[in-house]
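Okay, so here's the structure we're looking at.
The values are calculated or read from the model by the stated rules, or taken from the named source; none is laboratory data. On a predicted model such as this, the values are computed, not experimentally measured, just so you know. Every residue, glycine among them, receives a Cβ derived from its backbone with ideal geometry; neighbour counts consider all protein chains shown.
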Amino acid sequence: MMPTPPASVAEPPSRSVDWPRFLTVLVELLLIATVIFLFEIEQNRHLFPVICLLIAGFAIHACLPQRQRLTCFAALSILCVLFVLGLTNGLVVLAIGGTLIGICYLPGPCKIRLGLIVAAVGVLVILRRQSPLPFWPVVGSMFMFRLISFLYECEKGKTKPHLTWAVSYFFLLPNPCFPFFPVVDFKTFRETWNQKEEWETYQRGISWIVCGLIHLLLYRYLRTNIVPQPYELYDVPHILLFMVTNYALYLQVSGQFHLITGLLHLFGFHLPRTHHHYFLASSFSDIWRRINIYWKDFLSKFVFYPTFYALRARQASAGFALVCSVMLVFLSTWMLHSWQTFWLLGRFPLTINDAALWLGGGAVVAANILLDSRRRDQGHSSVGWAAFSLAARTVGMFLLVSLFWSCWTKPGFLSLLGPAIHRPGATQGLWVVTLWIAAAILLGTLLILGRKRWFSNQSVEIPRDFFTSAKLHLALLGLVIACSLPGSAILLTPGLASAIAKLRTDPATAEVAGGRLQSYYEDLNSAVIQAGPLLNALSPSATARREQAEGFYKVSRPADLYQQLDLIPGIETEIEGKSFSVNVFGMRDRNSLTLNKPHGTIRVAMVGSSIVMGYGVSDDEVFSRELQRRLNEPQTPTAPAVEILNFGVGKQWAPHRLVRIQRKVFGFEPDYLFYFAHQDEFRELASHTAQLVAQRLELPSRHLQEVVARSGVNAEMAPGAIQSRLQRDETELLLAINRTIVDECRSRGILPVWIYLPVPAPAIEDPREKLVALAESAGFVVCDLSAWTTVREGLFDATEEFHPNAAGHQRIADALMQMLRDHRESIPFPTFVPLHQ
Amino acid sequence: MEDQEQSDNTATADISNSAAQVRDWLTKELAEELRIDRSRIRADQPILSFGIDSVHIVSLMAKLEDWGGFRFSGNPLVDHETIEALSDYVAGLIRK
């Protein structure tokens, strides 16, 4: 169907709006906006205010005569640019875009236009490299691929499309919010406009928006609750879980793309779907058909088909032409991904890892396609076997794609497998994994058989009319909103209410810093939208909020009730002028640290407070770094290397440290655990335990469970009453925590060392004797460093009550070196500890 | 003059026959590829609307080239989306 040129089609004599349908769609959109607001969906993209703008735009657009609608859409797209980016950056985007569009419309030979475009893009590339200004991701997103499609259609067609089409296409809403945008083909864009009855298109758009929201919430849930942390990737089940959930994070992309194309439906563009049940692909060509379909179509149009037919025109065989075309597609995908990264993030990554993956993947796919084209499907003898075969292929393909994805997004992923297989319990882990896979295949077989049986008795697809769809959407959206309102918590179980409350915020993606921690698409999605002043005032981003935070809150984020807070992995910043960086494992430690212990290395895990973490000093001044440096000073040639792992975190006490040890420390296979205690060791014991009891959460150790049972508290009591009673048993609680740490260390062959490191502060009572007795009773090797200093002068800055300065950290390192010399028998350290500094 | 007219008519008939043969061939191959009855394939329906993927499409086009003894200069389905349109185009190529 040819697109309607604006203002050139005779309008029917009278046209009235279908008010019932119009109001229904409006209500659906308002509920969608409410969900986006309540769940803070894509908050860092300023989605909520933009959705409000688009809803208002839709209301006007739907009431306009047909011939004015495209102009309205173009105007709304331009307004969206200015609204999101602000006047200055917005005008720059429009100016750059206008220049590029203008070149496309120049009269004269095609070669001149192409030459000018190439020159203009070259200039923009240089400017992008030299000045990383905030509008570049938007400019790149709008033109880096769409320019190719537009120019192709312009040169192919007899006449150029009306300028309104060009403006609509390039400044396509909501592109300013989403720099990572589907590659909409210009021909498809035009041909799908007003292709169907408008209300059918609008309702389909609503369906896709709702689908997109579901994907985004699922993504959030997976990211926050299911994806294993880097420090958990030490056994086969966790590694497999990481593989599949890492792939599942692609839900963020499919969610955004559904949202985007759904919004475009509201303005009459009956675009095809961007994704189609991609997790259910059963072969390489099947995944190609289902995932990021617009990208597939773009590469087919501009790489695959031209290459194939060009080779065939040169008398190449079909097989050869097919293989070359597929390889070129994969090569192009690799290069174009880097091209995209350049525009969105300002860097052009070309790594051996990526090259090997994409070209290797291309070779595998090409071989598979060649075999498939030569082999005829014989058909299956039975329905059951066919279902089993399909299920097995689907599970196998899912695992293969997951593996590819993990290798691509986490270079060095394969190196985790070797050590994991050699760890104790690996065989059991492999059996668990095998059972999961078998169960998945069985479940898939049953579902396929059930679906076949169901649909043999029914029509394949039950079409839904406008109002039936609307009712479904309204019911679903209404339910989600109702469950998330504060008052509904009393109607839900505590677990469900808590899960919904947690889902309403997006702490993980907002608080994970650094591109190296995120998958490829999350990395691209981190392209910051620097909103204009108006939008910023309406909805400040998480990044802006973090910049306003001070001190420790700049580098920490909320965690679950057990841990309560954690350091933000990957963050690199300064606190009071001192460098503060956190590695991928959420430790204030080197980025080069690996989960698996290098052969011939001794590891010492240090667990403690903000003093251990090194609050107030730079990364290199923390005493753990200094100690490591001294212990690795050249000694005997056979002396093993020593790694000191810093697990110190501020605002954490004994109960939190126990959980940190269980969750994180043991995965690194330390040989020694140095647990640092100060005068405040009794702090938070009762309150933390009381919270866990009140929330009916499992206590992290049998010893703690026994103490709580003896105290007579239970979840039915008021939290205050629980805490009050547990306060009386603080000593027993601390002893239980100490015993748990010692038991769990000894069972793993780790030597637990308890180190008392008091802060010189006359006003604070010193419970040293009591603490030392508890530590000894629990079975720790006890070291008292009370003598590390008795004065504050020179070791603590005037403004700091508890945190030593750089000189103070040096003194602590001295004390620890002396401790190792004094305790050679109880802490046998294979490396030679010199007698002199 | 009459000879020229007769020659043109023969050429047109040849092309029509070729187009019919091509249409027949394409319908048969598509039906086999999609494992459906030939009667369900309409000549005025876009070939890509049958759900055939790009790899199978190019394989089919390569077979068509070998069968007809010609080579496409580019992707023929861009300008000739249906079986009917493609058949007419291919018939013209065969004629040349």
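Residue A:651 versus (1) within 23 Å of residue A:799 (Cβ to Cβ); (2) buried (at least 17 other Cβ atoms within 10 Å of the Cβ): which is the lone unmet condition?
So the condition that residue A:651 fails would be (2).
Would you check if there is a residue in the stretch A:299-316 being at negative phi, within 14 Å of chain B (Cβ to nearest Cβ) and in contact with a His (Cβ under 8 Å, 6 or more places away or on another chain)?
no
Restricting to the stretch A:238-254, name every residue that is under 20 Å from residue A:211 (Cβ atoms) and modelled with pLDDT under 90.
A:249
Restricted to the stretch A:292-311, and to residues that are aliphatic (A, V, I, L, M) and either surrounded by 18 or more Cβ atoms within 10 Å (Cβ to Cβ) or touching a residue at least 12 places away in the same chain (Cβ under 8 Å) (or both), which residue is nearest to residue A:371 (Cα to Cα)?
A:311
Take residue A:229 and decide whether it is within 22 Å of the chain's Cα centre (by Cα) and at pLDDT 90 or above.
No.
Looking only at the stretch A:576-588, which residues are crowded, with 18+ Cβ neighbours inside 10 Å and of a type outside the set (Lys, Arg)?
Answer for the stretch A:576-588, where residues must be crowded, with 18+ Cβ neighbours inside 10 Å and of a type outside the set (Lys, Arg): A:580, A:581, A:582, A:583, A:584, A:585, A:586, A:587.
Quick one: in the stretch A:414-425, which of the residues that are assigned to a helix (DSSP H, G or I) and surrounded by fewer than 16 Cβ atoms within 10 Å (Cβ to Cβ) is farthest from the chain's Cα centre (by Cα)?
Here the residue is A:422.
Among the residues of the stretch A:592-608, what is the count of those that are more than 30 Å from residue A:681 (Cβ to Cβ) and not polar (S, T, N, Q)?
Count: 3.
Out of all the residues in the stretch A:658-678, is one or more at pLDDT 90 or above, in a strand (DSSP E or B), within 27 Å of the chain's Cα centre (by Cα) and crowded, with 21+ Cβ neighbours inside 10 Å?
no
So which of A:570, A:577, A:586 is out of contact with any Pro (no Cβ under 8 Å at 6 or more places or on another chain) and either within 29 Å of residue A:688 (Cβ to Cβ) or at pLDDT 95 or above (or both)?
A:570
Consider residue A:338 against the criteria (1) within 13 Å of chain B (Cβ to nearest Cβ); (2) modelled with pLDDT under 95; (3) farther than 27 Å from residue A:77 by Cβ: it satisfies all of them except one. Which criterion is unmet?
Status for residue A:338: all satisfied but (1).
Could you check, for the stretch A:623-646, whether at least one of its residues is within 30 Å of residue A:698 (Cβ to Cβ) and assigned by TED's automatic domain parsing to the domain that holds residue A:683?
Taking every residue of the stretch A:623-646 in turn, at least one turns out to be within 30 Å of residue A:698 (Cβ to Cβ) and assigned by TED's automatic domain parsing to the domain that holds residue A:683.
Which one of A:401, A:329, A:395 is within 14 Å of chain B (Cβ to nearest Cβ), at negative phi, modelled with pLDDT of 85 or more and not in a loop (DSSP other than H, G, I, E, B)?
Step by step, each of A:401, A:329, A:395 is checked, and only A:329 is within 14 Å of chain B (Cβ to nearest Cβ), at negative phi, modelled with pLDDT of 85 or more and not in a loop (DSSP other than H, G, I, E, B).
For the stretch A:660-691, which residues satisfy the criterion of being over 21 Å from residue A:749 (Cβ atoms) and among the β-branched types (Val, Ile, Thr)?
The one that is over 21 Å from residue A:749 (Cβ atoms) and among the β-branched types (Val, Ile, Thr): A:689.
Which residues, counting only those in the stretch A:589-648, are crowded, with 21+ Cβ neighbours inside 10 Å and in a loop (DSSP other than H, G, I, E, B)?
A:589, A:608, A:609, A:614, A:615, A:616, A:617, A:622, A:647, A:648
Here's the yes/no breakdown for (1) without any contact (Cβ under 8 Å) to a residue 40 or more places away in the chain; (2) outside any helix (DSSP H, G or I):
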| position | (1), (2) |
| --- | --- |
| A:71 | no, no |
| A:83 | no, no |
| A:95 | yes, no |
| A:115 | yes, no |
| A:134 | no, yes |
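Among the residues of the stretch B:15-36, what is the count of those that are more than 13 Å from every other protein chain (Cβ to nearest Cβ) and either of a type in the set (A, V, I, L, M, F, W, C) or in contact with a His (Cβ under 9 Å, 6 or more places away or on another chain) (or both)?
Matching residues across the stretch B:15-36 total 9.
Out of (1) within 33 Å of the chain's Cα centre (by Cα); (2) surrounded by fewer than 16 Cβ atoms within 10 Å (Cβ to Cβ), what's the single condition that is false for residue A:314?
The one condition residue A:314 does not meet is (1).
Please work out if residue A:773 is more than 23 Å from residue A:622 (Cβ to Cβ) and surrounded by fewer than 16 Cβ atoms within 10 Å (Cβ to Cβ).
yes
Looking at the stretch A:317-326, which of the residues that are at the interface with chain B (Cβ under 10 Å from one of its Cβ atoms) and surrounded by 18 or more Cβ atoms within 10 Å (Cβ to Cβ) is farthest from residue A:146 (Cα to Cα)?
Checked the stretch A:317-326; the qualifying residue farthest from residue A:146 (Cα to Cα) is A:318.
Tell me, which residue of the stretch B:37-51 that is more than 10 Å from chain A (Cβ to nearest Cβ) and part of a loop (DSSP other than H, G, I, E, B) is surrounded by the most Cβ atoms within 10 Å (Cβ to Cβ)?
Per the criteria, the residue is B:41.
Check residue A:449 against each of (1) out of contact with any Ser or Thr (no Cβ under 8 Å at 6 or more places or on another chain); (2) buried (at least 18 other Cβ atoms within 10 Å of the Cβ) and name the one condition it does not meet.
Here residue A:449 clears every test but (2).
Considering only the stretch A:205-213, I want to know if a residue exists there that is outside any helix (DSSP H, G or I) and out of contact with any Leu (no Cβ under 7 Å at 6 or more places or on another chain).
Within the stretch A:205-213, not a single residue is outside any helix (DSSP H, G or I) and out of contact with any Leu (no Cβ under 7 Å at 6 or more places or on another chain).
Are any residues in the stretch B:61-84 within 10 Å of another protein chain (Cβ to nearest Cβ) and not in a loop (DSSP other than H, G, I, E, B), and if so, which ones?
Passing the criteria: B:61, B:62, B:63, B:65, B:66.
Kindly indicate whether any position in the stretch A:354-363 is at pLDDT 95 or above, buried (at least 17 other Cβ atoms within 10 Å of the Cβ), more than 10 Å from chain B (Cβ to nearest Cβ) and closer than 30 Å to residue A:135 by Cα.
no
Which number in (1) without any contact (Cβ under 8 Å) to a residue 60 or more places away in the chain; (2) away from every other protein chain (no Cβ under 14 Å); (3) in contact with a Lys or Arg (Cβ under 9 Å, 6 or more places away or on another chain) marks the one condition that residue A:289 misses?
Single failed check for residue A:289: (2).
Here are some conditions: (1) under 30 Å from residue A:496 (Cβ atoms); (2) touching a Ser or Thr at 6+ places or on another chain (Cβ under 6 Å). Residue A:729 meets all but one. Which one does it not meet?
Residue A:729 satisfies every listed condition except (1).
Filter the stretch A:685-719 for residues that are within 17 Å of residue A:562 (Cβ to Cβ) and surrounded by fewer than 19 Cβ atoms within 10 Å (Cβ to Cβ) and give the result.
Passing the criteria: A:687, A:691, A:695, A:696, A:697, A:698, A:702, A:705, A:715, A:719.
Looking at (1) at positive phi; (2) at pLDDT 95 or above; (3) within 14 Å of chain B (Cβ to nearest Cβ), which is the only condition residue A:268 fails?
Of everything listed in (1) at positive phi; (2) at pLDDT 95 or above; (3) within 14 Å of chain B (Cβ to nearest Cβ), residue A:268 misses just condition (3).
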